[in-house]
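Below is one structure, written out as structure tokens; the observations come after it.
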Amino acid sequence: MKTGIAWFAGTAAGLSPIQRPGSIKKDGVSRTSLKPLQVVPTTCEQCPAGCGINAYLNGERLVQLLGNPDHPNNQGGICAKGIAGLNLVNDPERLLYPLMRKGPRGEGQWTRITWDEVYSTLAARLKKMIREGRINEFVIDKGHDDPLLDRFISAIGATRTIDRPGLKNLNRTAALTSMTGFPSLVEDVGRSRFILNFGANPYANHDQFVGIARRLIHARVEKGARLITFDVRMSETAAKSDAWYPIKAGTDGIVALAMAKVIVEKGLVNEDFMDRKTNTSLTMIKNHLSQYTPEKAAEESGVRAADIEHLAVEFATQKPSMVLIGGGISDHKNGTQNVRSVALLNWLVGNLEKEGGLFYPRYPASLEPNAAVLRPRLNSDVNVKGIKELKETNTRINTYFAYLSNPAYVEPDCESTASLLKDEKTVPFLVVMDTHLTETALLADMALPAATYLEGWGLSTAPSLDKVPILNLRQPVVFMISTAKVLRSPTFDVGKLLEPMFRPRGEAEEVGNVCLELARRIKGRVARNLPYKNTQDYITRLVYSISGLKTEGGLKNLKTQGFWTEKTSNSGGYRYSGDKELPASRQKVEIYSKALKQNGYSPLPDYEPLFAPEKKKDEFILTTFKSNLWAKGTANSKWVREILHENRLWINKDVARRLGIKNGERVRVTSSVGSLVSRVLTTHRIHPWSVAMAEGLGHSAVGKVAKGKRFKSNDQDTNLIWWDKKGNGVNPNEIIVRQADPIGGGLGLKDTRVRIERI
């Protein structure tokens with residue numbers, strides 16, 4: 001559709017008018033003017049699912065986000081946080097200009113600077129570190145994946161990198177990689193008849209959230225699939241399950257091993273699969289499982305032995321079946337073996353590359369990852385797992401660069417992390433690039449405005465839920481442009497600056513463009529390894545390198561649809577053997593791990609008690625969870641915060657009665673690293689040993705919306721905040737103890753012991 005205005009994309013050479021990329025004809029009408037709305041297809045990045053979305057614009061103002069009905073994964077579905085991406089773009093509290101600290105660190109005194117000053121300062125520091133062989137003193141804290149940032153890291157040398165996306169689900173990644181060579185598998189829940197769910201909550205939060213939830217609902221409603229959930233609390237998924245078992249925290253592994261023993265002893269094993277597709281004999285498995293009786297598992301977990309036995313039989317006989325694995329079992333100090341133990345159930349009944357089971361992820365042929373990519377992302381010596389690890393290893397830091405990362409809020413014992421970042425001896429120069437002045441950005445020497453996912457370019461592969469490789473395009477829906485850039489463009493009507501919707505809204509920049517400009521200023525090998533004009537140039541070249549998209553028409557169609565599918569790859573059927581199978585599926589599942597054996601751990605899936613000695617009588621295990629509204633980009637969302645602005649502490653009703661605590665009362669929750677005050681929610685929907693709290697609240701920065709404060713702005717809604725007297729919740733990360741699984745290296749985020757006292 002014709003826009004009637006000129007659009008501009010900033011490059012190093014200035015502005016040039018371009019047409020709105022990917023504009024297509026779809027239904028959309030302004031509620032006020034009744035004029036048709038322009039539609040731009042792109043990709044949501046509020047969570048890892050990468051749903052296809054359509055952005056609706058009235059003139060140049062973004063007014064609505066909806067699911068793209070043509071996208072194979074989400075099929076037109078969109079979640080609440082995806083819709084709230086609109087708030088992220090239009091937020092009046094966004095960081096819009098580069099800032100330099102002018103007072104003591106952390107006191108919020110800033111002076112505005114230019115991007116040229118930013119580039120000059122950073123390029124000078126980087127060139128000196130490269131020249132003197134000290135580039136390992138440059139730390140990059142990456143909160144979001146970006147291909148040009150990764151290329152920049154590779155080009156400048158051995159920087160220290162904190163890879164936040166790689167750290168997520170690290171124990172599960174390590175477990176699945178040790179067995180299959182892949183960090184994750186595709187869950188074909190839509191075609192399954194019986195689903196065992198250990199610690200996952202796909203109805204509220206999942207790496208493939210909307211796509212998985214839609215297919216799970218379809219399987220339940222249309223095919224009568226049974227869903228059984230093990231979780232310490234009644235999650236949204238547990239509430240919709242056929243049965244919920246409030247299991248004792250961290251004991252899922254022994255329940256799964258007891259189920260495996262039942263399957264083996266009753267002769268329900270898929271012997272063909274075990275013989276041809278695994279590296280372990282059935283005799284070895286049987287001998288190993290002899291110690292894990294249903295009675296022993298019942299004593300440890302609280303799940304009745306009879307239930308363990310009949311669920312094992314049902315899982316093995318109601319084909320197709322599968323097991324879902326979530327953070328509820330992996331975010332423990334025994335998380336890696338928990339995942340390996342639960343995954344064993346899938347292997348025993350042959351649920352790999354079969355309809356209704358698990359599949360190796362499919363990628364477009366030109367982007368098929370090699371073995372190096374599939375190895376755990378954190379194996380490199382230059383990768384570290386957090387601020388405290390830098391401190392503990394006495395890592396010398398010259399410059400710390402955080403991109404869309406907020407460690408002063410998200411790390412366990414985050415107040416200690418904030419103290420380390422505030423220490424100028426530990427971190428001499430701190431640069432934070434983000435959309436808002438977060439808790440970490442407030443400690444920075446230089447705060448840089450980051451473009452949102454709706455203001456830049458990106459290309460990513462999405463794990464297909466229907467075996468069809470998908471390539472997702474992210475393209476600009478709106479542009480952040482400064483007054484100076486607008487006035488320099490000869491095609492722009494200066495009079496339009498008087499109209500509110502046409503006023504320039506800042507100088508936010510894509511991190512890829514920042515890396516490219518730094519590379520140009522550093523020169524030499526770094527510049528040669530990043531020979532792109534801007535992010536759009538990089539994406540264009542990448543698209544042209546893909547078979548099937550090498551023509552101008554291919555790129556145009558990609559922009560028009562917002563995604564591309566390589567349907568010719570869907571040739572192998574649901575077979576796990578044969579000439580047409582994936583190369584990866586010719587490998588055997590390594591139930592027996594030689595690597596674990598060499599490192600002194602059990603080579604077979606095993607169970608290690610989480611709490612020894614027995615916990616004290618009035619001590620509880622704190623588990624945190626993500627709501628269906630949780631996303632980094634929703635921290636300052638007015639829509640999200642109106643719905644969710646309080647995160648009470650869940651506590652078992654019988655336990656609360658014994659402690660003399662009533663629903664809604666305030667309590668102090670104390671761990672070995674700190675304490676916080678919260679209201680309680682007394683409920684029977686949680687195991688008596690556990691207490692639970694939602695993540696994502698209790699911000700002390702980001703913005704007034706995140707802090708639950710009413711204020712006046714150009715958005716009239718900010719003066720209507722009604723929950724200001726209720727507060728903004730608490731941040732459970734303040735009292736989470738930092739402890740890790742020695743095998744996978746992932747944090748035991750759900751292992752913190754706490755005491756509760758009434759205030």
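We did not get these values from a lab; they are worked out from the coordinates using the rules stated. Since this is a predicted model, take the numbers as computed values, not measurements. Every residue, glycine among them, receives a Cβ derived from its backbone with ideal geometry; neighbour counts consider all protein chains shown.
Sum up the charges of everything whose Cβ sits under 10 Å from the Cβ of TRP722, counting Lys and Arg as +1 and Asp and Glu as -1, but leave TRP722 out.
Net of charged neighbours comes to +1.
Compute the acute angle (0 to 90°) between the alpha-carbon long axis of helix 552-561 and the principal axis of greatest extent of the alpha-carbon atoms of the chain; round to the nearest 10°.
Relative to the chain, helix 552-561 is tipped by roughly 70 degrees.
What is the sum of charges around ARG528, taking Lys and Arg as +1, Asp and Glu as -1, for the other residues whose C-beta is under 12 Å from the C-beta of ARG528?
+4
Hull surface divided by four, with the convex hull built on the Cα atoms of segment 619-758: how many nm²?
Mean orientational projected area (segment 619-758, Cα hull): 9.3 nm².
Relative to the longest principal axis of the C-alpha atoms of the chain, give the angle of the C-alpha long axis of helix 335-348, reported between 0 and 90° and rounded to the nearest 10°.
70 degrees
With 27 Å as the limit, write out which pairs from LYS168/LYS391; LYS617/LYS707; LYS81/LYS422; LYS35/LYS709 have Cα-Cα distances beyond it, or answer none.
Over 27 Å Cα-Cα: LYS617/LYS707; LYS81/LYS422; LYS35/LYS709.
Could you tell me whether segment 70-206 comes out rounded, prolate or oblate from its Cα gyration tensor? Rule is a ≥ b ≥ c as square roots of the eigenvalues, rounded for a/c under 1.5, then prolate if a/b exceeds b/c, otherwise oblate.
Oblate shape, in that a/c is at least 1.5 and b/c is the bigger or equal ratio.
Using only the C-alpha atoms of segment 203-304, find the volume of their convex hull and express it per residue in Å³.
147 Å³
Taking Cα atoms of segment 659-716, Rg/Rh with Kirkwood Rh, to two decimals?
Answer for segment 659-716: 1.09.
Using 27 Å as the Cα-Cα cut-off, could you pick out the over-long pairs in LYS354/LYS588; LYS248/LYS653; LYS425/LYS523?
Where the Cα-Cα span goes over 27 Å, the pairs concerned are LYS425/LYS523.
Ranking THR42, THR752 by Cβ neighbours within 10 Å, fewest first, what do you get?
Ranked by crowding around the Cβ, least crowded first: THR752, THR42.
First select every other residue whose beta carbon is under 13 angstrom from the beta carbon of SER241; then total the charges, Lys and Arg +1, Asp and Glu -1.
Summing Lys/Arg as +1 and Asp/Glu as -1 gives +2.
Mind sorting GLU107, GLU93 by how few other Cβ atoms lie within 10 Å of their own Cβ, fewest first?
Fewest to most other Cβ atoms nearby, the residues stand as GLU107, GLU93.
What do you get for Rg/Rh of segment 185-362 when both radii come from the Cα atoms and Rh is the Kirkwood radius?
Here the Rg-to-Rh quotient is 0.94.
Any idea what log10 I(q)/I(0) is at q = 0.25 Å⁻¹ for segment 677-759, Debye with uniform C-alpha scatterers and no solvent?
Computed log10 I(q)/I(0) values: -1.26.
Just to confirm the number: angle between the C-alpha axis of helix 252-265 and the first principal axis of the chain, 0 to 90 degrees, nearest 10?
The angle comes out near 50 degrees.
Thinking of the chain as a set of Cα atoms, what percent of all their pairs are more than 48 Å apart?
17 percent
Tell me, what are the semi-axes, in whole angstrom and largest first, of the equivalent ellipsoid of segment 77-116 as set by the roots of 5 times the Cα gyration tensor eigenvalues?
Computed over segment 77-116, the values are 32, 12, 7 Å.
Where does each of PHE620, PHE479 land when they are ranked from fewest to most other beta-carbon atoms within 10 angstrom?
PHE479, PHE620
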